[in-house]
1. Taking all protein chains in place and a 1.4 Å probe, what share, in percent, of the accessible surface of the protein assembly as shown do carbon and sulfur account for?
2. Could you please report the charge total around B:Asp55, scoring K, R as +1 and D, E as -1 over all other residues with beta-carbon less than 15 angstrom from its beta-carbon?
3. Give me the angle, in degrees from 0 to 90, between the Cα long axis of helix B:4-26 and the longest principal axis of the Cα atoms of chain B, rounded to the nearest 10.
4. For chain B, what is the mean residue ellipticity at 222 nm derived from helices alone (per DSSP H run of n ≥ 4: -39500 (n - 2.57); sum divided by total residues; nearest 500 deg cm²/dmol)?
5. Excluding ligands, DNA and RNA, what is the accessible area buried between chains A and B, summed over both sides, using a 1.4 Å probe, to the nearest 100 Å²?
6. Taking loop as defined by DSSP and a crowding limit of 10 other beta carbons within 10 Å, which chymotrypsin sites (Phe, Trp or Tyr not before Pro) in the range B:29-66 fit?
7. I want the local charge near B:His138. Using Cβ-Cβ distances under 13 Å, sum +1 for each Lys or Arg and -1 for each Asp or Glu among the other residues.
8. If I ignore ligands, DNA and RNA and count only protein heavy atoms, how much of B:Lys152 is accessible to a 1.4 Å probe, in Å² to the nearest 10?
Amino acid sequence: MDWQGQKVVEQLMQILLVISGVVAVVVGYATESFRAMMLIYAGGVVLATLVTVPNWPFYNHHPLKWLDQSEAEKHPKPQVVAKKRFSKK
Amino acid sequence: MHSFGYRANSLLTFAVTILAFMCAIVSFSFSNQTPSAQIQILNINWFQKQPHGNDEVSLTLNITADLQSLFTWNTKQVFAFVAAEYKTSKNSLNQVSLWDAIIPEKEHAKFWIQISNKYRFIDQGYNLRRKDFNLTLHWHVMPKTGKMFADKIVMSGYSLPDAYR
């Protein structure tokens, strides 16, 4: 998932869960049914899971632009200098 | 949010946190409580001193109560019990539970029942002759989520006879 997708997913997750919590309490209070509240909230959690957890394609519409191969060859990677090993006495 | 496991964990913990908030909000549902009750002693079946020295009495009670106003959408059940309360020289308060019931629904909370005492009314000693006592209906309102509240109605004016029968 690209960065933009991750940001969207985090916001969507929070909004979906909070809204299903609020709706669940309101509907449960109005119908005097604790069971209704729990079922609506469970449904909301399942919906949020289906929308935000799998790696859907629309979360990958802003992929990272990696450096071109030709450009990379112009700037060689720094070399690792071989270190002397000091022996213990 | 970079991996499946990260997102699943984040969603689950946030969902449970919201559930905790929802339960906290729900636990503040209170109703306008107007319970009522009456208890009659129809008959003293027998009244004796047991071999181990303690008094025991058997009563037939007629219990009428309306506890419907205690129920809210957050009530799981109401536990009600009737206790005989009296004072002796040994104990400043004796409470002997005579009957109890679990009321699971509002519809069952308005009731009338005539029974002999479910639990034995035995004194710690032999102080029951000519004893004045109160019959108190206690109830515990047990919620689905939240704090349990308890209260009672005290009915006074009951007394036991002078002599064993």
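1. Details: 9690 of 16510 Å².
Looking at the protein assembly as shown in its full context, I get 59 percent from C and S.
2. Around B:Asp55, the charge tally is +4.
3. Rounded to the nearest ten degrees, it is 40.
4. About -5000 deg cm²/dmol.
5. Buried area between the two chains comes out at roughly 1900 Å².
6. Those satisfying the criteria are B:Phe30.
7. Values: positive: B:Lys152; negative: B:Glu85, B:Asp100, B:Asp151.
Net charge in that neighbourhood comes out at -2.
8. 100 Å²
The values are calculated or read from the model by the stated rules, or taken from the named source; none is laboratory data. Since this is a predicted model, take the numbers as computed values, not measurements. When we count neighbours, we look across all protein chains shown, and the Cβ atoms used for this are built from the backbone with ideal geometry, even at glycine. Each accessible area value is taken on the protein alone, full model and side chains, heavy atoms only, with ligands, DNA and RNA left out. Shrake-Rupley method; radii C 1.70, N 1.55, O 1.52, S 1.80 Å.
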